[in-house]
1. Quick check, is residue 109 surrounded by fewer than 15 Cβ atoms within 10 Å (Cβ to Cβ) and touching a residue at least 40 places away in the same chain (Cβ under 8 Å)?
2. Of all residues in segment 250-266, count the ones that are touching a helix residue (DSSP H, G or I) at 6+ places or on another chain (Cβ under 7 Å) and either assigned to a helix (DSSP H, G or I) or closer than 20 Å to residue 207 by Cβ (or both).
3. Working carefully through the options 209, 228, find the one that is over 22 Å from the mean Cα position of the chain (by Cα), part of a helix (DSSP H, G or I) and crowded, with 21+ Cβ neighbours inside 10 Å.
4. If a residue must be over 13 Å from the mean Cα position of the chain (by Cα) and within 22 Å of residue 314 (Cβ to Cβ), how many such residues does segment 188-200 contain?
5. If only one of 216, 247 is part of a helix (DSSP H, G or I) and modelled with pLDDT under 80, which one is it?
6. Take residue 322 and decide whether it is modelled with pLDDT under 85 and under 21 Å from the mean Cα position of the chain (by Cα).
7. Might you let me know whether segment 281-288 holds any residue that is at pLDDT below 90, more than 15 Å from residue 215 (Cα to Cα) and in a helix (DSSP H, G or I)?
8. All but one of (1) closer than 17 Å to residue 316 by Cα; (2) more than 27 Å from the chain's Cα centre (by Cα) hold for residue 508; state the number of the condition that does not hold.
């Protein structure tokens with residue numbers, strides 16, 4: 001059944017796709033800065049370009065998540081969305097925040113702002129939460145209105161599956177955690193302490209739970225079997241428990257660096273890499289049920305990007321997070337480009353989740369079939385984005401290792417550090433260009449379905465015998481190898497403490513071990529992506 005109010009998600013889909021483009025454009029500008037640091041200095045300073053890059057990412061993730069919730073609300077409730085007029089107001093408020101916030105950011109370069117009651121109204125300037133109080137207040141008000149619409153539309157809480165509880169709870173906590181990072185404190189460590197409540201509890205707490213719920217609900221819709229509901233309930237419970245323990249404690253690896261006690265770096269390093277396990281196990285069990293029930297997935301692009309959540313979550317979030325958050329490695333890599341390896345693959349996991357939800361919703365929003373072009377372009381978008389991001393992130397990691405040695409060990413001036421780090425910039429540029437090409441396929445897929453007629457031309461999977469590359473055979477070994485390579489990377493960064501490096505100024509051991517680790521993890525991630533997606537397409541789920 002198609003519900004009229006589902007169409008209200010369409011403007012947010014368009015906003016999400018366009019803001020994704022803004023994010024990529026400013027990512028390209030940042031790459032130009034890495035090549036030539038003075039290229040736009042005084043016109044568009046580096047910090048301003050980074051603010052646009054990061055805020056565009058946050059806003060398009062918000063927009064995509066809102067759009068997905070609007071699309072699935074009637075399906076979950078069996079009725080139209082309550083207060084559709086309020087939804088239109090919410091869309092308008094989000095546009096006001098995006099336009100007003102983005103127009104305000106250039107004022108940072110001039111030091112001009114508007115103040116009221118001692119609060120900065122137009123921009124705050126804190127990294128990742130740059131927006132001023134005016135835009136914060138509008139955004140929080142929009143969140144409250146959205147929560148009202150969701151709660152009034154959903155059936156009684158006693159009828160909610162656990163996945164829906166996770167989605168609603170995770171989304172609500174995401175909104176609540178937006179507030180601490182936007183409270184003005186005169187004391188810098190206190191300000192930084194609460195800023196990380198927003199920046200990192202989103203990733204390792206609220207968003208993790210919300211996307212686990214969305215992932216579980218999608219599995220329940222795509223595989224309508226009672227066994228799948230039981231599997232989803234089981235692993236959602238584990239995911240929430242881990243988010244409430246490892247997610248919260250894992251935050252501590254930031255705290256040491258803002259003046260809090262030393263024990264936080266140990267606690268944060270130990271508990272920071274466990275949360276992706278429930279999602280991975282939930283997917284494997286659901287796929288077994290799909291195979292047994294002979295269920296075929298029509299919307300392959302959405303499923304491909306769902307695979308991206310799992311695999312970038314496993315390697316980028318969990319294992320690369322493990323490499324950098326151990327106390328003995330975090331001591332060296334903190335504030336270097338090694339962190340950017342983890343950060344970019346981490347945010348790619350969440351981005352792929354948002355893209356998966358949009359691709360899932362668009363055929364229903366338009367009332368048009370999933371045709372051959374939608375499938376082929378969507379698959380190309382996934383492979384290009386995944387491959388480009390792996391190249392880009394790995395290049396950042398390798399550059400960061402050079403940065404550690406030349407800056408922390410040798411104490412070289414910034415110009416020397418920059419020149420050695422820039423040796424890896426071709427990988428960043430090439431990887432970013434491939435991601436952008438993938439985006440073009442993705443945006444073309446969305447706007448083609450929104451704007452043009454689509455013929456009934458189904459995509460047909462070419463039959464192929466099961467081989468190593470189109471089955472899940474050997475996947476557990478690849479996961480084990482990924483864990484081994486992540487430990488090699490942690491040991492490599494730890495080896496900066498060795499006398500050979502500190503006294504002898506010989507970086508061979510950390511250079512070789514981390515190169516083996518980062519490049520090995522990149523190859524393993526690409527291999528797992530190919531195997532998992534091809535197995536999904538051919539329905540060869542046996543491990």
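1. Answer is yes for this residue.
2. Looking only at that region, the number is 11.
3. Values: 209 fails: over 22 Å from the mean Cα position of the chain (by Cα).
From the options 209, 228, the qualifying one is 228.
4. Of segment 188-200, the ones over 13 Å from the mean Cα position of the chain (by Cα) are 188-198.
Add one more test, that the residue is within 22 Å of residue 314 (Cβ to Cβ), and what stays is none.
Looking only at that region, the number is 0.
5. Values: 216 fails: modelled with pLDDT under 80.
Checking each option against the conditions leaves just 247.
6. Working: modelled with pLDDT under 85: yes; under 21 Å from the mean Cα position of the chain (by Cα): yes.
Yes, satisfied.
7. If we filter segment 281-288 for residues that are at pLDDT below 90, which is where we start, we get 281-288.
Filter once more, so that each one left must be more than 15 Å from residue 215 (Cα to Cα): 288.
From what is left, the residues that are in a helix (DSSP H, G or I) are 288.
Yes, that holds for at least one residue.
8. Condition (1) is where residue 508 drops out.
The values are calculated or read from the model by the stated rules, or taken from the named source; none is laboratory data. Predicted, not measured: the structure shown is a model, and the values here were computed from it. Positions of Cβ are generated from backbone atoms using ideal geometry, with glycine treated the same way; all protein chains shown enter the neighbour counts.
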